[in-house]
Each structure stands twice: as C-alpha cells, then as structure tokens.
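Accompanying notes for the structure given below.
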There are 2 protein chains.
Amino acid sequence: MRRPTGDLRRKREVRSLCVKACGANVSVDRINGRKVNGINGQEAPYLGTKIVEQVNGDVPMHAFKLGRFVEESLVYRQTFVIRSYEIGPDKTATMETLMNLLQETALNHVMTSGLASDGFGATHEMSLRKLIWVVTRINVQVERYSCWGDVIEIDTWVAAAGKNGMRRDWIIRDYSTKQIITKATSTWVIMHRETRRLSKIPEQVRKEVTPFYLDREVMAADNDTNKIDKLNEETAENIRSGLAPRWSDMDVNQHVNNVKYIGWILESVPINVLEDYNLTSMTLEYRRECRQSHLLESLTSMKNLGSTHLLRMQENKAEIVRARAEWRSK
Amino acid sequence: MRRPTGDLRRKREVRSLCVKACGANVSVDRINGRKVNGINGQEAPYLGTKIVEQVNGDVPMHAFKLGRFVEESLVYRQTFVIRSYEIGPDKTATMETLMNLLQETALNHVMTSGLASDGFGATHEMSLRKLIWVVTRINVQVERYSCWGDVIEIDTWVAAAGKNGMRRDWIIRDYSTKQIITKATSTWVIMHRETRRLSKIPEQVRKEVTPFYLDREVMAADNDTNKIDKLNEETAENIRSGLAPRWSDMDVNQHVNNVKYIGWILESVPINVLEDYNLTSMTLEYRRECRQSHLLESLTSMKNLGSTHLLRMQENKAEIVRARAEWRSK
C-alpha cells in the first residue's frame, strides 16, 4: 500500500476539513466489537448520530436527519417527505426520485455507521488505498408511487455478493400504513479512484464491513438476474441521438451521476408509454463511466409491457448502461 | 364567472380526490378573521398542520413536515437537510437546489395557510376561475452555499406588488448559527389556466390573500430591478444550440419547471467559470412558457464577474428567459 505524500496528502486534509465543515461528522462507539453509533443496537428515537445539540431553544439538529439504526444496528432506517419538485407530470414521485432517496439512505447508512472516511461511501481502509464503491447493477420494483407530501420510510442493509462484491437491499414503506411500496437490490464492487480499475476487496476492508452484513434478501435471487440483451440499430425500435450531459448532471467526481441515466433512457421511450404507463420495475446494468464531454444515444425496444434499453456513446457506440423495464397501465 | 360543467367538473373532482389521497389536506381555523392553521399565531413546535397523528408508536406524521407559522402566522418557516444528490461537483448545494427548496417552502406556505385549493398554490377563489399563479421574476442572492447534511431554515412571506402582482420573499439561514446565507425575492401574477392570458387579481382572490400580507422587504427594492438586456448573436459571446427539454424536466402542467431553466442557462457559461467561480446572485425574468417539443438556445455574455443570459426557442428565436448573474472566485 502506498502512503499519500505531498500534494495528495494536502488534498486529503482539505477534503477531510470540508467534510467536517459540512457537519457530517459522527460520533462512534464500539459495542461487542462492532462499531455502532451510540444507539446500543435498539430502536432509538429518530436520530442518526449521538451528537445531541439543542440550538437556540429550537428543535435539536439531529432531529432533522430522520435516520437511525434498527434491528441490532444491522438495518438503517430513514424517513423522507416527498417534495413538490420530486414528482413528475403525473404528480407522483419519479423513478429518479426513488433512486435518489435510495442513494441518500445508503450514504447516510455508511456515515452513521462510523465507517465513512470521505463522506461518499468509502470506508477508512478504502480511502487509504484510494478505493471507491461503484454500483454495477440495480433493480427497483415499485408497487405504488408516492405523492407530494407523503412520508416514506426506507430500510437498507448490506451483505456479501460473491467473493468481491457487496449487495445492498432496500425496502420502502408508506410511513402511515407500513405497507411495502418499493423493493430494491443492488450490487457493488470496488474500484481504484485514479486508475479506474476494479479491485478485489482488501482483507482490511472486508473486516470493516462484514460486521454490518445481514443475510436477508429483499427479493428472490433469481428474480431479474438474467442478462439484459444488448440492443443495436436493428433490434431497437426507437433511437434518440445527440443527448448531451449538462454541467448539472455531474457528481462530485465530475462523472455523470448514476441516477441521471434514467432520464436519458426514458428519452427513447414512446411518449404515449410515458404518459399512460407507470414503471413497475427497472433494472440498470452499469458498464462504463461517462463524463460531460460525451454525446449519448438512447435506444429502446418495447415488447408488450416490457422494454429493453441501451445508453451508449454516440461516437464509438461504447455501451454505458443496459436497462430493462416493466410497465403497467396507469 | 363561469361555473365548470360536465367533463371539467369531473376533472376537478378527480384532482381534488388526488390531493386528498396524497395526504395534502390541511385543517383550517379562523382567528381574528384570519385563516390560520391552528397554531394560534405563536411559535409552535415544528408542525405545519393541525393534524396530529401518532402512527404505530413512531414519530407523528406531522413531525416530518418540519414547517410551521411564526410571527403571528405572517411568516412560514420550514427546515431542510441538504441531501447528497442536491449538491454539485464542488460538494455544495446548487442554485437549482436552492430554488427547488424556495418553491417547496412557498407551496407548503399556501397549503398550510388553508388557502390552497388544487395543491399547487392556487387559492379556492382562483381555482373557481381557473386562475393560477405564475412567477415573472426571481432574484436569489447567495452569501454562502450549504453542504450535504447541513440543516437550513427558510422563512417566506408575501406582500402586494403593485395593483395586480404579489411579491414573495425568502430568507435562508444556517440552522445552527442562524446566520443569513441567502436572500430571495420574486414577483407573481395571475394567469388563466386555459387561455394562458394574464388576469387582474379578482376582488375575491385579493380578499383571500391580503390577510397574509407582510410589508417587509428582504432586500432594497431598487436592488437589481433594472431591466436585463436582451442578448443576440452579436452581443453574446457563447451560444449553445440544440438544448432539448427531457420528459423529466416537465412539471404537473406539462410545462418546463421554472427551476430547470437554470441548467440550460449554465450550458453556455464557459466551463472555467463554472469550475472556478460561485454564483453569488442570479436574476431570472420569465417571458414565455416552454413545452417539451421546443428546442432551445442558450446565450451568454460575460463581463468581468457579471454575466447576462438569454434562453430562447431555436426555431423562431422567441425569448423564454432573460437572466443576469454575478460570480465570485471560489
């Protein structure tokens, strides 16, 4: 393992200061050898961290985070209110919104566990090695979409996926009825931040994360794990070219944020499908990263209430994302 | 005034049911002739509505709304946590995020006041007349941008703007220090939902809204009210054509959401400005509505740390938004 020197070390210090300045610090305890956030493995009031600040006689800061550990600290639970700008033309939360909230819950899970080093999901041992998590596949199954003002509760937990992967599952419930309205599962692997090459999970990282593993699958493993066909000019019915990522589509790594791909995928879906049908399931297979300078093409093939999609670079046709979706009449 | 009949009436019933299904109903009391939400004009705990539900022994539903009336019900205050997907490449909340949160606070203000009829800002008397509010101008001045996990508190209130307009102001504070980090002001007029023609404020509507007016200006009136120059091919230094609204940019009226324009405006700003400078002020003047089928052009002229912008239709060069911005080195 190489230690960072000079500029790199300074960069890390600056980033660490930034995370601190942003109030993202958490206080960490150790219980039975497992790092927890001071909640003692029991259901606690809706606070995600041990820091209890009462500011100006108002509501304590932590109350706004609305996240906490449940089930012996193996499940992280966070509550959200659907906002007016998170709903689509049909007045319900969009698939993009759901994936954003899943991402937020996952990141807060890592932050609250005390594992996070850089504030974006990497553990301490990963940061030392310049390693980051990247998602390779996500499947979201939606039973019911929420409306503006609805309160939803998201549970998330992680488990091993093969030798060098991590699985992350989510359940979204309607807060008032506790009815399950969405299930999601994803697969993550480790990548080097600079070389962008995939890496095995180092033993030290495995030791950090396995105490948090919970072997519970939100949906059957054989559900939707079959490969997604690769579309081409002949098999696609609709092709939309010239799609340009905007500056505002970039994430902190100056790459296109995972969730943004959904918008481009939907650009080659016939408008009557978008208007008259709801997505009930969407699977994304991420194959390649994308930067702002790339022009994209979106390909779609509809078969009854199922669709297959490909997002690729316009110039060299390199694949970025394959996707599959299922639709239901509104 | 025409009463709706047949199909139209059914449509309204369906919409009203939808709002109800979405849990957006509020209970309304009347105190000293002014409609309030049961908070009795005093600072109350962070609940926006009178509905107090304790569900499954968990946190009551209203606690998640985090909005409430303050200052004798003339100011509406809501608290937000900045989420991971609301920050830009430099890890701070984007201008788009700020405007989204201002919009959310404004809508919740109207909902919580008991004035809202259709759930999107129109009052009862407006809905009867098929009238809606449209924003003609907004100015946002940012002192400091927030990071992921930061808690911010937004105050908003309304006042008369001339004979037929409404002014809405906002203040954003850092929740923990109470320091003002952003100020914003906007002008609204009334439009007919179907003819899209501007309308005077009907007397009945004026009677509904004036009890909520608070004559307090968040910034001096002469600040930034001078007209924004209209750019053209000769005066603009950068022109970016072929910008296509996506399905996901549409709002519930199938028009481009006001906030989305910011993304396109920034598309013609030089990349080094986006990377090295922060927006400290942005003024948008909305001139024309935009639907999904329109292709757009973004024009920018930079003068030192100030910029002027125009967003127009590509086909007939009709103006959609004029904008002006100020920048500060990061």
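The values are calculated or read from the model by the stated rules, or taken from the named source; none is laboratory data. Bear in mind that the values here come from a model prediction, so they are computed numbers and not experimental data. As a convention, Cβ positions derive from the backbone with ideal geometry for all residues, glycine included, and neighbour counts pool all protein chains shown.
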- prompt: Mind checking whether some residue in the stretch B:231-250 is over 30 Å from A:C147 (Cα atoms), within 23 Å of the chain's Cα centre (by Cα) and modelled with pLDDT under 90?
  reply: no
message: Take the residues in the stretch B:106-127 that are at pLDDT 85 or above and facing chain A (nearest Cβ under 10 Å); name whichever of them is farthest from the chain's Cα centre (by Cα).
response: B:M111
field: Answer residue from the stretch B:257-268, given it is of a type in the set (A, V, I, L, M, F, W, C) and at the interface with chain A (Cβ under 8 Å from one of its Cβ atoms) and is nearest to B:V135 (Cα to Cα) among those
entry: B:V259
query: Where residues in the stretch A:141-150 are surrounded by 23 or more Cβ atoms within 10 Å (Cβ to Cβ) and under 14 Å from A:R173 (Cβ atoms), which of them is nearest to the other protein chains (Cβ to nearest Cβ)?
result: A:D150
- prompt: For the stretch A:101-203, which strands (runs of 3 or more DSSP E) that fit wholly inside it have 1 or more residues that are basic (K, R)?
  reply: A:131-142, A:165-174, A:180-192
message: Could you list, ordered by first residue, the pairs with Cβ atoms under 6 Å in which the first is in the stretch A:99-110 and within 17 Å of A:V140 (Cβ to Cβ) and assigned by TED's automatic domain parsing to the domain that holds A:Y145 and the second is modelled with pLDDT under 95 and among the basic types (K, R), at least 6 apart or interchain?
response: A:E104/B:R83
statement: By residue number, the members of the stretch B:138-172 that are over 17 Å from the mean Cα position of the chain (by Cα) and over 22 Å from B:I190 (Cα atoms) are B:E143, B:R144, B:Y145, B:S146, B:C147, B:W148, B:G149, B:D150, B:V151
query: Quick check: is even one residue across the stretch A:197-213 within 22 Å of A:G88 (Cα to Cα), surrounded by fewer than 20 Cβ atoms within 10 Å (Cβ to Cβ) and within 19 Å of the chain's Cα centre (by Cα)?
result: no
query: Looking at B:K163, B:K183, B:K178, B:K130, which one is in the same structural domain as B:T79 (by TED's automatic domain parsing), basic (K, R) and within 18 Å of B:G67 (Cβ to Cβ)?
result: B:K178
Count of the stretch B:91-119 residues which are charged (D, E, K, R) and within 18 Å of A:V259 (Cα to Cα): 2
- request: Answer with yes or no whether A:V134 is at pLDDT 95 or above and touching a strand residue (DSSP E or B) at 6+ places or on another chain (Cβ under 6 Å).
  value: no
